[in-house]
Amino acid sequence: MEDALQKRGQAQEARFFAHKKAELRSQLRQREADTITKEEISAATGITDDQLLDRLVNMKINVQTLTALSVVPLVEVAWADGQMHDKERAAVLQAAAEAGIPEDGPGYKLLTQWLDDKPNLDMLAAWKDYVAALAETLDADAYAQVRDNLIAKAVQVASSAGGILGIGKISTAEEQKIEQLKAAFKS
């Protein structure tokens, strides 16, 4: 009887560890799938600056989350006054939808994390480097279109929280952040 009980216990233990091994293998495969190389980022964006590519890889930016990088400035504008208003959040999410970030994807998940907790300054610095690299890969008209589109969306996010009777729609902090975004396109 004890031998049968021991065998049953060993079988259950083996099933438990087989399940754990499968789970760990799945996590490892996912981690490998999430890993992106400089070459892949370069192919997706046209960026050739090695230092910027290294920074993006180190920040765990992958092909699926790369699109989220394009809305970093909108997140920064929304957080400019130190708080995320519901209408600002909605405006950023609308911009993300227009940029093609799928709600069920990792880029959207990353974006919602930035909306819940203000991202660190590294993210905005990486975006500024990204914009500088775009200047090298796009012609002047396309670059101006990217700039104008982004600034218009940033103003839309900033004004979405409102004000009283249309007064004070955009805070001073938001105006300053928008000016920083404009300056990033000039450098």
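Taking Met123, Met59 and ordering them by how much accessible surface each has at a 1.4 Å probe, largest first, produces Met59, Met123. Taking every protein chain into account, the 1.4 Å probe leaves Ile151 with about 20 Å² of accessible area, to the nearest ten. Based on the alpha-carbon gyration tensor of the stretch 92-167 and its eigenvalue square roots a ≥ b ≥ c, which shape applies: rounded if a/c is under 1.5, prolate if not and a/b is larger than b/c, or oblate? Judged from the Cα gyration tensor, the stretch 92-167 comes out oblate (a/c at least 1.5, b/c at or above a/b).
Accessible surface area normalised per residue over the stretch 56-140 is 48 Å², counting heavy atoms of protein chains with a 1.4 Å rolling probe.
Thr37 contributes about 60 Å² of solvent-accessible surface, heavy atoms of the protein only, 1.4 Å probe.
The values are calculated or read from the model by the stated rules, or taken from the named source; none is laboratory data. Computed from a prediction, not measured in an experiment: that's the story for all the values here. Note: accessible area is taken over every heavy atom of the protein model, side chains too, but ligands, DNA and RNA are not part of it. Shrake-Rupley method; radii C 1.70, N 1.55, O 1.52, S 1.80 Å.
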